[in-house]
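Some notes on the structure that comes next.
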Amino acid sequence: MEPRVYIDLWFNDDLTSITARYYERLVAGELLEKKKEGVLDFDVLLLDGELIPRTLPRSGLAGERLKKTVDLTNEIIELADSTNTALVGVLKRSYSRDIVNILGYGGLRLSDKAVLSLILKPLEYVIAGSHHDINSELEKLEGKPGVQREWLKTRLKWYESIVNNIPMGYTVKLAFYRAPTTIYPVATKIEYITSDTLEDDSLISSIIHISGETGIPIPVDYADTLSTITKELKQTVYQKLLAELAKNTKIEAKDAILLLSLTNPEKLRHLY
C-alpha cells in the first residue's frame with residue numbers, strides 16, 4: 001500500500017486588512033458626524049475598497065471585527081442619507097467575471113474589468129446594476145449549460161454575504177468607467193450610493209473628472225501614497241525586532257536571526 005501523510009496546518013488570522021477597514025469606517029463616521037453638525041461640507045465620501053463589507057464566515061477576533069465593520073458601515077450609510085452625501089467605494093483590484101457569465105460569455109477567459117477596459121473609451125462609463133440585480137441574475141444561471149457549477153456556487157455565496165450586509169431600503173450599484181488620461185487603458189470599478197443632489201450621471205461624471213493617470217480618483221491615490229510602507233521602514237522594524245529579541249532572551253543577534261529569519265530570503269533587498 002502506498003504510504004500517505006495527512007497534515008493539519010493552523011495559521012493565525014491576518015487581521016491587517018480587516019482592522020484597516022474597521023478604522024476607515026470609524027473615520028468616515030466621524031466625518032459624516034461633523035458634516036451633520038455643520039463643521040464640514042462635502043458632497044461625496046470616497047472609500048478605498050468596497051463600500052459593502054464581504055463577510056464570508058470567520059471565527060474568533062476576525063469574525064467579531066467584521067461584524068463591527070458591518071455595523072459601522074450601516075451607520076455610515078444612514079448618516080450619509082441624512083446628510084445628503086453620496087458614498088463611493090473604489091474597487092482597484094477586481095477579478096470578478098459576473099457580468100461576463102450573465103451575458104452568456106462564460107467561455108471568455110477575461111474578467112469583467114478587462115472586458116470593460118476593452119469596450120469603454122475615455123470619459124465613458126456603464127452602470128452594471130445593483131448588487132441585488134446581479135445576485136438575482138446569477139441565481140438564474142443555475143443549471144444552465146456552459147456555466148461552471150463550482151464557480152457559480154462560490155459567487156452566490158459571495159453575493160449572499162454582500163446583499164445581507166446592505167441596510168434595508170438602500171440600493172448599492174456597480175459601475176465601470178474610463179478616466180480621460182491614464183497610463184494604461186484600464187477601466188475602474190466602483191460601487192456607490194447616490195444622494196438627492198448627485199444622481200448616477202452626476203456622481204459618476206464627477207468621479208471620472210477627479211481621476212488621474214492611474215484611473216482612480218486622485219484623493220484615493222494620495223491616501224495610498226501617505227499610507228505606503230517603504231522597504232526602509234520594513235527593514236527598520238525587522239532590525240528593531242531582532243534587537244528586542246536578543247535583549248529580552250539574552251541571546252546573541254546571530255541566534256535571534258535564526259528565529260526571525262525570512263522564509264523566503266530571496267526577497268530580501270540590501271539597503272544602501
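The values are calculated or read from the model by the stated rules, or taken from the named source; none is laboratory data. Predicted model only: the values in this text are computed from it and were never measured. Cβ sites come from the backbone with ideal geometry, for glycine too, and all protein chains shown count toward neighbours. Please note that ligands, DNA and RNA were not included when accessible areas were found on the heavy atoms of the full protein model with its side chains. Shrake-Rupley method; radii C 1.70, N 1.55, O 1.52, S 1.80 Å.
Some observations on this one:
- Flag if T188 is of a type in the set (S, T, N, Q), open to solvent by 40 Å² or more (accessible area, probe 1.4 Å) and within 20 Å of R93 (Cβ to Cβ): no
- Comparison of L152, L174 shows that the only residue that is open to solvent by less than 60 Å² (accessible area, probe 1.4 Å) and part of a helix (DSSP H, G or I) is L152.
- Within this structure, D221 passes the test of being touching a Gly at 6+ places or on another chain (Cβ under 8 Å) and over 23 Å from L110 (Cα atoms).
- If you go through the stretch 115-134 and keep only what is touching a helix residue (DSSP H, G or I) at 6+ places or on another chain (Cβ under 9 Å) and free of Cβ contacts under 8 Å to residues at least 40 places away in the same chain, you end up with V115, H132.
- Within the stretch 171-189, the set of residues being out of contact with any helix residue (DSSP H, G or I) (no Cβ under 6 Å at 6 or more places or on another chain) and either farther than 23 Å from Y125 by Cα or aromatic (F, W, Y) (or both) comprises just one member, Y184.
- Residue in the stretch 209-216 that is open to solvent by 60 Å² or more (accessible area, probe 1.4 Å), more than 12 Å from Y125 (Cβ to Cβ) and free of Cβ contacts under 8 Å to residues at least 24 places away in the same chain present: yes
- Members of the stretch 55-76 found to be part of a loop (DSSP other than H, G, I, E, B) and surrounded by 14 or more Cβ atoms within 10 Å (Cβ to Cβ), listed by number: T55, R58
- Elements of type helices (runs of 4 or more DSSP H) contained in the stretch 78-149, each with 3 or more residues being open to solvent by less than 50 Å² (accessible area, probe 1.4 Å) and more than 14 Å from T188 (Cβ to Cβ): 98-102, 131-139
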